[in-house]
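Only one structure is covered here, and it is reproduced in the block below.
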Amino acid sequence: MNFKKKWTKKYGKSEIMTKENSSCKLMEIDMVKLSDGQKKSYSAKDTEFGILIFGGKCTIEGKDFSFANIGKRENVFDGAATSVYVPGNTDFTITGVGEVSMAVVKSPAEKMFKPVLINPEDVIIKDMGKPGWERQAHFILDERVEANIIYIGEAYVKGGQWASYPPHKHDDDNMPTEAATEEVYYYEFKKDTGFGIQRVYTMEGDIDETYTVKSGDLVEMPRGYHPYHSAPGYDSYYLWIMAGKNRGFFMTTDEDHAWLNK
């Protein structure tokens with residue numbers, strides 16, 4: 001059982017998570033890197049898309065919408081993100097305006113909504129946690145955007161800090177306490193030599209995986225608890241992508257560590 005995947009950051013579309021190679025059933029993920037003028041088109045039935053720009057500018061346009069020259073940061077450490085939601089049954093094309101890189105998330109769509117551009121100034125930023133597990137969370141494609149199951153944000157973790165801590169999970173459909181939601185993290189580090197530690201485990205013990213993660217790595221969390229640690233001296237970033245019918249933070253803490261929340 002291996003939940004870790006790698007993006008080499010090559011130009012074009014890299015199909016990182018697919019139905020065939022992933023433990024997650026509610027999302028597929030492409031990483032897309034385009035040069036100036038390079039295009040990538042998408043057409044899929046009953047599929048919604050969440051696009052998160054890591055850095056650079058692009059134009060995203062379809063039959064009834066056009067978001068031109070969007071993207072305001074050079075990289076993930078250069079401010080808040082720009083994101084786009086594209087509803088089901090909507091063909092669209094991404095065109096690089098200079099060099100640009102992004103994540104393209106694909107999930108099943110039953111209801112059809114409208115395309116939405118989320119600008120950096122729309123991002124909700126919250127400082128979360130306590131000493132030892134502090135991080136800055138960015139809420140991007142969240143409840144404010146009508147969507148079926150996609151829910152996207154980012155987190156920034158200082159070196160030596162934990163995140164997704166105390167360990168929590170969201171894999172039981174027990175609303176409003178807990179939602180059944182898959183999740184994926186994608187990591188970047190300010191320094192090339194940076195690394196972190198990602199654990200994924202279940203109460204039952206059928207999953208107990210620990211990975212060393214570096215820039216370009218992804219880890220799937222189909223279920224279970226998933227605490228993350230950024231190595232001392234290495235500030236890190238991770239994109240978090242969630243997919244489930246109840247969009248939001250509906251989760252429970254590992255009972256062994258719940259006392260930390262008091």
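Let's see how each residue does on (1) acidic (D, E); (2) in contact (Cβ under 8 Å) with a residue 24 or more places away in the chain; (3) in contact with a helix residue (DSSP H, G or I) (Cβ under 8 Å, 6 or more places away or on another chain); (4) crowded, with 19+ Cβ neighbours inside 10 Å:
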| position | (1), (2), (3), (4) |
| --- | --- |
| F195 | no, yes, no, no |
| V200 | no, yes, no, yes |
| D206 | yes, no, no, no |
| K214 | no, yes, no, no |
| Y225 | no, yes, no, yes |
| S236 | no, yes, no, yes |
| W240 | no, yes, no, yes |
| K245 | no, yes, no, no |
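Considering only the range 152-165, I want to know if a residue exists there that is under 14 Å from A243 (Cα atoms) and either part of a loop (DSSP other than H, G, I, E, B) or not basic (K, R) (or both).
Checked the range 152-165: at least one residue is under 14 Å from A243 (Cα atoms) and either part of a loop (DSSP other than H, G, I, E, B) or not basic (K, R) (or both).
Among the residues of the range 198-226, what is the count of those that are within 17 Å of H168 (Cβ to Cβ), out of contact with any Cys (no Cβ under 8 Å at 6 or more places or on another chain) and among the acidic types (D, E)?
Qualifying residue count for the region: 3.
Are there any strands (runs of 3 or more DSSP E) wholly within the range 1-73 with 3 or more residues that are farther than 30 Å from T202 by Cβ and not aliphatic (A, V, I, L, M), and if so which?
39-42, 47-62, 65-70
Collect the residues in the range 130-151 that are buried (at least 18 other Cβ atoms within 10 Å of the Cβ) and either in a loop (DSSP other than H, G, I, E, B) or touching a Leu at 6+ places or on another chain (Cβ under 9 Å) (or both), keeping them in residue-number order.
W133, I140, L141, D142, V145, A147, N148, I149, I150, Y151
Please count how many residues of the range 63-89 are modelled with pLDDT under 95 and within 19 Å of D30 (Cα to Cα).
The qualifying residues number 2.
The values are calculated or read from the model by the stated rules, or taken from the named source; none is laboratory data. All of these numbers come straight from a predicted model, not from anything done at the bench. Counting neighbours? That spans all protein chains shown, and the Cβs are built from the backbone with ideal geometry, glycine included.
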